[in-house]
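The values are calculated or read from the model by the stated rules, or taken from the named source; none is laboratory data. Predicted, not measured: the structure shown is a model, and the values here were computed from it. We place every Cβ from the backbone using ideal geometry, glycine too, and count neighbours over all the protein chains shown.
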Amino acid sequence: MYKRKRKARMALAVLIVLIILYLLQRLFVPKYVDGIVEGAFVAEYYREANKDFDVLFVGDCEVYENFSPVALWNEYGIHSYIRGSAEQYIWQSYYLLEDALRYHKPKVVVFNIQSLQFDKSQSEAYNRMSIEGMRWSMSKVRDIFASMTEEEHFIEYVFPLLRYHSRWNDLSMDDLRYMFSTKPVTFNGYYMRVDALPAKDVPKGKPMADYSFGDNAWKYLEKMRVLCEENGIELITIKAPSLYPYWYEEWDEQAADYAKEHDLMYINFLKIQDQTGIDYDTDTYDAGLHMNLSGAKKLSHYLGRILRAEGVPDRRGDPELDALWAKETKRYNREIKAQKIRYGIE
Amino acid sequence: MLFTSYEFLFFLAVLVILYYHTPPEKQWIMLLAASLGFYASFGPVYLCYIGTTILTVWFCGIQLEKNLVHQKVVLEEQKGAGSREEKKNYKLRQKAIRSRMQALCIVFNLGILAVVKYANFFIANVNGALSLFGQSEGLSFVSIAMPLGISFYTLQAIGYLVDVGRGTVQAEKNLFKFALFVSFFPQVIQGPISRFGDLSKTLYEGHPYDPQTVAFGLERILWGFFKKLVIADRLMPLVTGIISDAGAYQGAYAAVAMLVYTVELYADFTGGIDISIGVAEALGVQVQENFLRPYFSTSLKEYWRRWHISMCSWFRDYVFYPVSTSKGMQSFAKFLRKRFGPNLGKRLPVYVSSCVVWFATGIWHGARWNFIVWGWLHFAILMISEECEPLYERFHARFGLIDRKGYHFFMMARTFLLVCVLNLFDCYVNVADTLSVLASIFAVHNWGLLLDGSFEWFGLGLSDFVVAFLGVGLMLFVSIQQEKEWVRDQVARWPFAARACVWSGLFLIVLIFGAYGIGYDSAQFIYNRF
């Protein structure tokens, strides 16, 4: 009897400690609702009521800031989503795609090949932003092991409190407010900016000793291609029209050769400025690195036509999707209005 | 695999589970495997070093005991036969054989230590001497990785050998059991330096699972983590930053580094020892205490009875006694007594032996002149204190100070400051820098930096100091409590809810306020490098 009582109170104590740990973890993890919001993107995907997307974009900032799914829907009726995060490495894009396939099979996957330049993760911060938002699955586990830098530990992904414990010094009211739920910051993965900063004096790339992409990067591109092939998905590779980081001609040749070899579509938006109508004076908000809303609309308009030509259906008329996109468009327009006021744009 | 790494915690958790599911008579095998695995995690090649020490000392120990047994048998057989003189001569011959065997083994093992730890120090000194004679080209430095804990396990193994030679412990016949004694993982890296007679009592016996023992062990580990992560590692950047440039950071900086380092060193070393003892305790093994609240000492002599107890007692038993009772020292004492009277004849040999001990203690800490000077400064202060003892006693008796609390506190503060000053030798790489920095505390008047906000805190903010200050406060409170009784024993008598609050609270404090993970320079324990 005494033993049972002892065990029960011990179990209760452990339970209380676990609850406290859970609450602390919720409190300490960054919320990414203001300032640096890129860490919130990946998790937002799971909130989508209808994940039956026909087009899935995967990649880094060159997709989540350069293409607008809302514009694609409103103009072409394309049901799409962007699974991207800041400096998302190719293996992270691969595992996010693998993870997305647990929920749906898109007809087309659009992958931005900018990340081929990295053969291993460069920064723990970017790893965190891409991985933490993923739901637990073997894809996430493999993603962690593929991404971890030397200073990182797997257990710190399992228990983020171990990583973020030192935030006790930086906690704000937002950490309390968004402890259990955060506000959405993207529009189907698209991160909107309406302001403009013309691209001037963009630095040329410095000559490199070796322009070859690394083995690891190639390995994951190949894995992505095979995964798409096995699932009957068309893989379209693109290079978004960002002027910086510099995209070398030697890199472009390798990407183009790979696409040719495997019969993939490859679009280098840097070379078709006249067709897309991108104006680097008005269509970028940070001097050529990323597109603003105007640039994203132009790129979506151009790519949407291609996607439609590749057989992506126009799903307007589906009551469920119409309702969802109407709601999203309303929020999208509200954000445009709010940002215009914020940046003093007429 | 540092004690504060996730890998170690995982290793420990798995070990504890497996250990208590192992038949008691085989638990020591599990400990041996864990110890060797733990040691190999720092580099499998290091196993060669510790393996050599284990084999040579074990073999020599067996031979010493064989000789002792043989001598006993021979003397038994000769009972009634042979003269007393013959027996005495026989005993002396056997003792000489044992001494030679023992000396050979000790020299061999100290030789390994000397080569890996002191070779470059020796070469640097030779090169320095050569340059004095105009030789620009000196000897080349050697690149040998120093196995972790070699200073600790070598002393522990030598202590065992001497004890066997003295007949105070029996030689361990089982090589693997002896290997466990030398390599026992909780203490192999930074002590305590255990005696075979003490450690073997609980090391080899089976330990059925006892929740209380395991809980006590885990509590001790947690307390060690608190000291190491919340206090020592939080303060570390400040000390590291200041001592990184002896020329630039002087005066107020030196004073701050001196005080903060003394706190950091205590939290770091005692934290590490708490973890060592706690890990052993969780496995049912009793390891001797290594600290008795040394900063409460009222004299340097007392301080060294309370600080790093196992090392001090080792040098006392295996260096001081053999040196002071050696034939040479006896002759020296005799000569002094004859020439200068009994007083000097008694004291001077003790001081000479102490001088040897403090040299050994200094150089044991590191292959730098700084440590040698540090050791001899200790010797000088202790010798002067000893000589002045009658004066102190008269002074105390005249003013009735000794029982006054205020005076007691003054003596504690004085000893603490003295230790702070001596610890500066531990911080800097050479004697000139140390003395320059020490002098700057009095000569460089830049104390205004502390008030006008321009003092460089090396990344530490107010909140860091608040955490460290509260941590030190808690450590001090616990130390004061422990003067009466172990806090852990006091807490153990509290109701379950209160106990749960205390230990979970401490766990959460370590988890949140510990300086670990990315963004912190997770430091190795300071004593690991000795």
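A few comments on the model shown:
- Taking segment A:138-163 as the range and being assigned to a helix (DSSP H, G or I) and more than 9 Å from chain B (Cβ to nearest Cβ) as the test, the residues that pass are A:MET138, A:SER139, A:LYS140, A:VAL141, A:ARG142, A:ASP143, A:ILE144, A:PHE145, A:ALA146, A:SER147, A:TYR157, A:VAL158.
- Subset tally (residues that are in contact (Cβ under 8 Å) with a residue 12 or more places away in the chain, at the interface with chain A (Cβ under 9 Å from one of its Cβ atoms) and over 14 Å from B:ALA468 (Cα atoms)) for segment B:504-513: 1
- Single unsatisfied condition, B:THR415 versus (1) within 26 Å of A:VAL17 (Cβ to Cβ); (2) touching an Asp or Glu at 6+ places or on another chain (Cβ under 8 Å); (3) of a type in the set (Ser, Thr, Tyr): (1)
- Scanning segment B:116-149 for residues that are surrounded by 13 or more Cβ atoms within 10 Å (Cβ to Cβ) and small (Gly, Ala, Ser), we see that the one that is farthest from B:SER183 (Cα to Cα) is B:GLY138.
- Wholly within segment A:1-95, helices (runs of 4 or more DSSP H) carrying at least 1 residues that are within 14 Å of chain B (Cβ to nearest Cβ), surrounded by fewer than 22 Cβ atoms within 10 Å (Cβ to Cβ) and out of contact with any Gly (no Cβ under 9 Å at 6 or more places or on another chain): A:2-28
- Complete set of residues in segment A:317-346 that are within 20 Å of A:ILE78 (Cβ to Cβ), free of Cβ contacts under 8 Å to residues at least 24 places away in the same chain and either in a helix (DSSP H, G or I) or touching a Phe, Trp or Tyr at 6+ places or on another chain (Cβ under 9 Å) (or both): A:PRO319, A:ASP322, A:ALA323, A:ALA326, A:LYS327, A:LYS330, A:ASN333
- Identification of helices (runs of 4 or more DSSP H) wholly contained in segment A:186-277 with 3 or more residues that are farther than 30 Å from A:ASN50 by Cβ and touching a Lys or Arg at 6+ places or on another chain (Cβ under 9 Å) yields A:249-261.
- Residues of segment B:1-39 that are surrounded by fewer than 20 Cβ atoms within 10 Å (Cβ to Cβ) and of a type in the set (Gly, Ala, Ser): B:SER5, B:ALA13, B:ALA33, B:GLY37.
- In the condition set (1) modelled with pLDDT under 95; (2) within 14 Å of chain B (Cβ to nearest Cβ); (3) crowded, with 19+ Cβ neighbours inside 10 Å, A:SER115 is compliant with all but (2).
- A single entry from B:LYS173, B:LYS201 fulfils the requirement of being in a loop (DSSP other than H, G, I, E, B), surrounded by fewer than 22 Cβ atoms within 10 Å (Cβ to Cβ) and basic (Lys, Arg): B:LYS173.
- Answer residue from segment A:167-189, given it is small (Gly, Ala, Ser) and surrounded by fewer than 17 Cβ atoms within 10 Å (Cβ to Cβ) and is nearest to the other protein chains (Cβ to nearest Cβ) among those: A:SER172
- Matching residues, segment B:357-371, being within 16 Å of the chain's Cα centre (by Cα) and either outside any loop (DSSP other than H, G, I, E, B) or not small (Gly, Ala, Ser) (or both): B:VAL357, B:TRP358, B:PHE359, B:ALA360, B:THR361, B:GLY362, B:ILE363, B:TRP364, B:HIS365, B:PHE371
- When we screen A:LEU176, A:LEU171 for residues that are in contact (Cβ under 8 Å) with a residue 12 or more places away in the chain, part of a loop (DSSP other than H, G, I, E, B) and of a type in the set (A, V, I, L, M), the only hit is A:LEU171.
- B:LEU222, sole failed condition from (1) at pLDDT below 95; (2) surrounded by fewer than 24 Cβ atoms within 10 Å (Cβ to Cβ): (1)
- Of the residues making up segment B:492-501, those that are surrounded by 12 or more Cβ atoms within 10 Å (Cβ to Cβ) and either at the interface with chain A (Cβ under 10 Å from one of its Cβ atoms) or at pLDDT 95 or above (or both) number 4.
- Considering the conditions (1) out of contact with any Ser or Thr (no Cβ under 7 Å at 6 or more places or on another chain); (2) more than 15 Å from A:THR186 (Cβ to Cβ); (3) among the hydroxyl-bearing types (Ser, Thr, Tyr), A:TYR81 is excluded by exactly one of them, (2).
- Test: residue in segment B:121-138 that is polar (S, T, N, Q), in contact with a Ser or Thr (Cβ under 9 Å, 6 or more places away or on another chain) and assigned to a helix (DSSP H, G or I): no
- Within the set B:LYS88, B:LYS79, the sole residue that is surrounded by fewer than 14 Cβ atoms within 10 Å (Cβ to Cβ), part of a helix (DSSP H, G or I), over 32 Å from the mean Cα position of the chain (by Cα) and without any contact (Cβ under 8 Å) to a residue 24 or more places away in the chain turns out to be B:LYS88.
- Segment B:514-530, residues that are modelled with pLDDT under 85 and more than 7 Å from chain A (Cβ to nearest Cβ): B:TYR520, B:ASP521, B:SER522, B:ALA523, B:GLN524, B:PHE525, B:ILE526, B:TYR527, B:ASN528, B:ARG529, B:PHE530
- For A:SER123: the one exception among (1) among the small types (Gly, Ala, Ser); (2) within 14 Å of chain B (Cβ to nearest Cβ); (3) touching a residue at least 40 places away in the same chain (Cβ under 8 Å): (3)
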